[in-house]
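Read through the structure below, which is laid out as structure tokens, and then see the notes.
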Ligand code: NAD
Ligand code: MG
């Protein structure tokens, strides 16, 4: 039996992972499940899957988790340190599906034990790409991409030499507002930004899709994971979300990965890698689909893409700043403090401020340095928001 753990088990990716595991329960020995504060869901899954331990992030729901698990044989724990400890428990495969930079410390802990890490938590690559990749290398651990575009690229590269790659093209649905007039975006509400045309995902990534910050993070994720020059990475709007990415080779061939917009494909590929097994995803009827369309992304509408290019060119800790500022700006939008189109301005200010403070040059590979820059950036955003009133 394969020992597996799921970080962020109560979220959209976590639940899709559990859906796949439940289909073949005899194959897996579940070690740890972690969640934020949804104790009811976490306790239910931990009992059903006979996990060794279930951990919530917030102390507010620890009592509830303990009550729900009393007498079940599943250990209960709480807090970020306990989540990282859970990730350190020996396992053969660990899903990293916490949302945000909070996924970095447990992801690092998992890699340090030399496991295979299925990485949905793109923020950890954006915030600490070189550190994460070096940690995996040193520990002999494997990182498998779960983001649909990166899984698609990874699959298109099987049997290929990365040196023969001319370009990588990742697709973007365009999110909730792809057909809205630019003027209307300024008044877009939280509800409007929280519904995605093609994918069912957690709220934060859904809003990031509408603002294209998700694609911006993914450009950086592509650079960090595949180690490819930023000039060779492109994003293209593809409203049907059926092609997830394309890899262009020196001979002019462009290999596309086509599939339904269902994350269980990318999760299942990482779960069974390097094998391919049957997965419960829809099979595409190409004749019925008829046409696939593409358009160039409009940077006036989506400044996040330009900012990602600047971040990739600058290097150093600017990925950390970009991710932390984006998370803080998203918090402010969700809290109703700023408008939808204000988020990119806040991130741009943080990049300029932190770069002036040396963030651009300090590329030290340490988790503490990165977490410190993350904290300073969030403080900068708070100051900026207070200043604008
Ligand atoms: P989600 O919000 O549905 O779930 C996030 C999970 O993390 C939940 O279990 C939540 O309780 C937990 N969590 C939140 N904050 C936490 C904290 N501070 N500490 C510990 N746990 C915390 O998010 P999701 O849509 O499942 O996305 C998870 C990750 O996967 C993100 O990095 C996202 O960008 C990435 N991703 C998601 C999709 C998708 O289809 N949902 C696709 C590609 C990549
Ligand atoms: Mg994606």
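With one equal scatterer per alpha carbon and no solvent term, the Debye-computed log10 I(q)/I(0) for the chain at 0.06, 0.09, 0.10, 0.15 1/Å reads -0.22, -0.51, -0.64, -1.48.
Based on C-alpha pairs under 8 angstrom that are at least 6 apart in sequence, segment 1-121 has a relative contact order of 27 percent. Where in segment 162-199 is the amide nitrogen less than 13 Å from a point lying 7 Å along the Cα-to-Cβ axis of residue 250? Of the residues in segment 162-199, 162-167 have backbone N under 13 Å from the label point off residue 250. In the chain, the DSSP-assigned H stretches of four residues or longer account for a calculated mean residue ellipticity at 222 nm of -14000 deg cm²/dmol, using -39500 (n - 2.57) per stretch and the full residue count as denominator.
Rounded to the nearest 0.05, what FRET efficiency do residue 183 and residue 387 have when you use their Cβ-Cβ distance and R0 = 30 Å? Between residue 183 and residue 387 the formula returns 0.70.
Quick check: from the Cα gyration tensor, does segment 1-64 come out rounded (a/c under 1.5), prolate or oblate? The shape class here is prolate. Mean-square fluctuations from a GNM of the chain, with a 10 angstrom spring cutoff on Cα atoms, peak among 161, 92, 52 at 161. Most mobile of 202, 159, 107 per a Gaussian network model of the chain (Cα springs, under 10 Å)? Ranking 202, 159, 107 by mean-square fluctuation puts 159 first. Distance from the alpha carbon centroid of segment 1-64 to that of segment 292-346 works out to 32 angstrom.
Mean sequence separation of contacting Cα pairs (under 8 Å, at least six apart), scaled by the length of the chain, corresponds to a relative contact order of 14 percent. Translational diffusion of segment 288-363 was estimated from the Stokes-Einstein equation, with Rh taken as the Kirkwood radius over Cα pairs; at 20 °C and 1.002 mPa s the coefficient is 156 µm²/s. Sorted ascending by nearby beta carbons within 10 Å, beginning with the fewest, 62, 269 become 62, 269. Its alpha carbons considered, segment 156-284 gives a radius of gyration followed by a Dmax of 16.1, 48 Å.
Under the simplified labelling scheme, the residue 342-residue 59 pair shows an inter-label distance of 3.1 nm, with each label point 7 Å from Cα along Cα→Cβ.
Calculate how many DSSP beta bridges within the chain are antiparallel, expressed in % of all such bridges and rounded to the nearest 5. Bridges in the chain that DSSP calls antiparallel: roughly 25 percent. The separation of segment 163-179 from segment 77-113, counted between C-alpha centres, amounts to 29 Å.
Each of 366, 12, 58 was scored by other Cβ atoms within 10 Å of its Cβ. Arranged with the fewest first, they read 366, 58, 12. State, as an integer percentage, the relative contact order of segment 80-183 based on alpha-carbon contacts under 8 Å between residues 6 or more apart. This gives 21 percent for segment 80-183.
Comparing mean-square fluctuations of 88, 337, 378 from a GNM of the chain with C-alpha springs under 10 Å, the top value falls on 337. Under the simplified labelling scheme, the residue 365-residue 70 pair shows an inter-label distance of 4.9 nm, with each label point 7 Å from Cα along Cα→Cβ.
Each reported figure results from applying straightforward, stated rules to the coordinates on display, with no laboratory input. The structure displayed is predicted, hence computed values, not measured ones. Positions of Cβ are backbone-derived with ideal geometry, glycine not excepted, and every protein chain shown enters the neighbour counts.
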